[in-house]
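Below is one structure; the comments refer to it alone.
Any read-out appearing in this document is the output of simple, stated calculations on the displayed coordinates, not a laboratory observation. Remember, predicted model here, so these are calculated numbers, not experimental data. Methodologically, a virtual Cβ is constructed for each residue, glycine included, from the backbone with ideal geometry; neighbour enumeration extends over all protein chains shown.
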Amino acid sequence: MRRASTILVVAGLLGGAAALWFAGTPEPDTLSPAVKPPATAVTKAGIVLRHRGRKQAEIEAERVEVSADGRTTLFLGQPRVVVYEGEAPRLTVTGMRIRFDRATQDVRVEGGLRVTTVRGETLTARAASWDPRQQVMDLSGPVEATFPLKRLR
């Protein structure tokens, strides 16, 4: 049960990371209809998320793209998310592409989701989507979980 809740935390953090990334961007409806912001792209981007000075997550991507209306953020080029608990990293999440929808807070990971714990446990799937309204993560494709063998004493 703890593993499932950890995965839910990761999905929520991905959504939160993208939301924080664009916190300074004006909402699309506050912009003049004649003036639309240009699409933005940043290469080799890294974001550190903190809460009350404590690191919660780090996100790195080869490329981060924001749609012209500011609604959609794409993390491309094997984005990597490290989730922290206290001062220690606990989970690493990778995929080929992470899409965040600012309006709905939905997160989608495509191209091979891989979640790895510091103890070596892994969860893999072809794709995953997070629906924050229902607090549900949907995994698609073959889904596999592996657990390292414990040494016998």
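Report whether or not residue 113 is among the aliphatic types (A, V, I, L, M) and either free of Cβ contacts under 8 Å to residues at least 24 places away in the same chain or in contact with a helix residue (DSSP H, G or I) (Cβ under 9 Å, 6 or more places away or on another chain) (or both).
no
Would the range 63-75 turn up any residue that is of a type in the set (Lys, Arg) and crowded, with 18+ Cβ neighbours inside 10 Å?
no
Which number in (1) assigned to a loop (DSSP other than H, G, I, E, B); (2) touching a residue at least 12 places away in the same chain (Cβ under 8 Å); (3) farther than 29 Å from residue 69 by Cα marks the one condition that residue 150 misses?
(2)
Out of 128, 68, 57, report the one residue that is part of a loop (DSSP other than H, G, I, E, B) and closer than 28 Å to residue 39 by Cα.
Only one candidate passes the filter, namely 68.
Would you say residue 50 is out of contact with any His (no Cβ under 8 Å at 6 or more places or on another chain) and either touching a residue at least 24 places away in the same chain (Cβ under 8 Å) or small (Gly, Ala, Ser) (or both)?
So residue 50 does not fit the description; no.
Which one of 41, 57 is surrounded by 14 or more Cβ atoms within 10 Å (Cβ to Cβ) and small (Gly, Ala, Ser)?
Matching residue, one of 41, 57: 57.
Name the residue that is nearest to residue 66 (Cα to Cα), counting only residues in the range 77-105 that are within 10 Å of the chain's Cα centre (by Cα) and part of a loop (DSSP other than H, G, I, E, B).
Among them, the one singled out is 79.
Do you know which of the residues in the range 106-125 that are assigned to a loop (DSSP other than H, G, I, E, B) and of a type in the set (Asp, Glu) is nearest to residue 82 (Cα to Cα)?
Per the stated criteria, the residue is 121.
Filter the range 53-93 for residues that are touching a residue at least 60 places away in the same chain (Cβ under 8 Å) and not hydrophobic (A, V, I, L, M, F, W, C) and give the result.
90
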